Amino acid sequence: MLPFCEALLRTTRLGKRQLAAALQLRNVVFLCFAILFAASLSASASQETPPAVAREFRATWIASVGNINFPSQPGLPAETLKQEIRSLLDTAERLRLNAVIFQVRPSCDALYSSEIEPASYYLVGENTPGLALKFDPLAYAVEQAHARGLELHAWFNPYRAGLLPRRNSSPKHVLQRHPEWIRRFGNYLWLDPGLADVQDYVTGVIMDVVRRYDIDGVHLDDYFYPYPERSPGGTAMDFPDQPTYEAYRRKGGAENRDDWRRSNVNTLVRRMKPTIQMVKPWVKFGISPFGIWRPGNPGPIKGMDAFATVYADARLWLQQGWVDYLSPQLYWGYDSPNQDFALLLRWWNNQSTAGRFVWPGLNAVKVGKVWKRTEILKQISMTRSLSRQPGAVFWNIESLRARETGLGAALAQGPYSSPALVPAFPWLAGEKPGVPKVLFTEAQAGRWLLHWTDALGNPPARWVIQSMRGGKWNTEVLPAQEVNRVYAGRQQLPEIVAITAMDRRGNLSAPFIERTRSK
């Protein structure tokens, strides 16, 4: 277009002013065409560049205590246990969740092979607490979760040691090995959090799992000091740790007992994250505290004071960055007058001054009993409105499997209709994965084979496969083991395929982009 304009100007008899005006017009015309050309290039580039994949933590708790979710009852054979694990994880995969939080230590006992603590009653039953496990549920659950592209966070109850009248009689159980650590509180048997030996013991149990199992996260629940109990006469009971506190005072301790109890819990929480990451820097650390830090925070909120009752200063943990994520159990609805979900979620998000993730626990069990499923959908929508890296954890997985409520179907067809990746944790050290190596060849009988590997020889956590057909992109998140895609013939090929690697910290490589139709 530009040479044509110049020729026109040369062959036209114009004065200087007219010539200057014409040159200015020529520049305007050229600029317009340049903008249109650049826009066309940009549109073409955007069509060939895969869209960003959504980031959202989508998780559910799988509880073993009380045989709530797994196992369905004590004493089941290995094949039945495997089938139950597969069924639970199939549910998570079908609903496009990307993580499960699997309870492995409900009462100083193990749903895994341990030399430290005995097999859990909920796994092996009353008469065989010392039975050597022939089947390891945690090892199998990790394997099956990763095969489905799911993270598995191992969930520990740090201090609960038993529920009366049942007592674990295994010689490996802490009740038998260290009765001096145990405090009875109502019907509970509890490790005393004020004892340094107890803090070391709990840390050692957790680190034993971190070292031996390929878990993606360590998760603690809301039981630090026990929840309030009353005597048969109705009097509020006090946790019986007075001798431990007096020993602390004799050694020069100056804190009052409430502050001392909080310091005991803080000591465990503060040491956990660096201890984990010295061994496996990619393993995340999360806690699900009670949903109210203190009444009046924010103003209209009423309810149990977790700060003063179970001595959990969860706001401090979040602000200090001692956790990678916090899942406060916000088990109330929008219409709850004293525990409004929206007010609480905003408040917790505002406390995250260190940039750690807040992914609330949602009480999906109430759907069909107290709430309609739209309540949960509204709560998910709000998590997304408050954060670019949203997330939620459902209590519990059975509520997502219940067909009569339709919640699972509503999630799969609504907010979870497309996949999402677990958000990246930029504060976890590590290099991003390299661009995948991709081999695209014509196989026998007209089939086409797409094969990919990690450029550096390090297996990623997930693969993101994006393909474009007719100008529309489709996104799949695949497990690390899945490295092939076979197409029946040229007519089945997408126009473009983009392959991206994701590491255990959530970091993405640059995509490898292949125009398959040009082959």
Tell me which residues come under 5 Å, amide H to amide H, from Phe394 once H is placed; ignore anything under 5 positions away on its chain. Ala59, Thr60, Trp61, Leu362
For the stretch 437-518, the Cα convex hull volume per residue in Å³ comes to 93
Enclosed volume per residue, in Å³, of the convex hull spanned by Cα atoms of the stretch 427-473: 120
Quick one: compute the contact order of the chain, relative version, from alpha carbon pairs under 8 angstrom and 6+ residues apart, as a percent. 13
Residue exposure sequence - Tyr201, Tyr334 - by fewest surrounding Cβ within 10 Å: Tyr334, Tyr201
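Nearest 500 deg cm²/dmol is fine: what mean residue ellipticity at 222 nm does the chain get from its DSSP H runs of n ≥ 4 alone, each adding -39,500 (n - 2.57), divided by its residue count?
-10500 deg cm²/dmol
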For the stretch 474-479, in order, what is each residue's ³J(HN,Hα) by Karplus, 6.51 cos²θ - 1.76 cosθ + 1.60 with θ = phi - 60°, in whole Hz (x at glycine and Pro)? 10, 10, 10, 10, 10, x
Could you tell me the relative contact order of the stretch 338-399? Use alpha-carbon pairs under 8 Å, at least six residues apart, and round to a whole percent. 42
Working from Cα positions, state the angle (0 to 90°, nearest 10) between the long axis of helix 137-147 and the longest principal axis of the chain. 10
Among Gly506, Thr453, Ala488, whose Cα sits farthest toward the positive end of the charge dipole of the stretch 437-518 (+1 at Cβ of Lys/Arg, -1 at Cβ of Asp/Glu, about the Cα centre)? Ala488
Helix 341-351 axis, angle to the chain major axis (alpha carbon atoms, nearest 10°): 80
Which ³J(HN,Hα) values, rounded to whole Hz and listed in residue order, are derived for the stretch 71-82 from phi using the Karplus coefficients 6.51, -1.76 and 1.60 in 6.51 cos²θ - 1.76 cosθ + 1.60 with θ = phi - 60°, glycine and proline given as x? x, 5, 6, x, x, 6, x, 4, 5, 5, 4, 4
Given the candidates Trp181, Pro137, Thr203, the one whose Cα lies deepest towards the positive end of the charge dipole of the stretch 137-232, counting +1 at each Lys or Arg C-beta and -1 at each Asp or Glu C-beta, is Trp181
Karplus-derived 3J(HN,Hα), 6.51/-1.76/1.60, for each residue of the stretch 240-250, Hz, glycine and proline x: x, 10, 4, x, 5, 5, 5, 5, 4, 5, 5
Of all trypsin sites (Lys or Arg not before Pro) in the stretch 198-304, which ones are in loop regions per DSSP and have a Cβ with at most 10 other Cβ atoms within 10 Å? Lys251
Which order do Asp241, Asp208 fall in if you start with the one that has the fewest other Cβ atoms within 10 Å? Asp208, Asp241
State whether the stretch 334-462 is rounded, prolate or oblate according to the following rule on the C-alpha gyration tensor (a ≥ b ≥ c being the square roots of its eigenvalues): a/c under 1.5 gives rounded; otherwise a/b larger than b/c gives prolate, and the remaining case gives oblate. oblate
Ellipsoid equivalent to the stretch 147-212 - semi-axes via the Cα gyration tensor, in Å: 25, 15, 12
Tell me the angle of helix 196-212 to the major Cα principal axis of the chain, expressed in degrees between 0 and 90 and rounded to the nearest ten. 40
How do Met272, Met304 line up, fewest other C-beta atoms within 10 Å first? Met304, Met272
Among residues other than Val486 whose Cβ falls under 14 Å from its Cβ, what is the net charge (Lys/Arg +1, Asp/Glu -1)? +1
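Every number in this text was worked out from the coordinates using simple rules, so none of it is lab data. Quick caveat: nothing in here was measured; it's all calculated off a predicted structure. Using ideal geometry, Cβ is built from the backbone for each residue, glycine included, and neighbour counts are taken over all protein chains shown.
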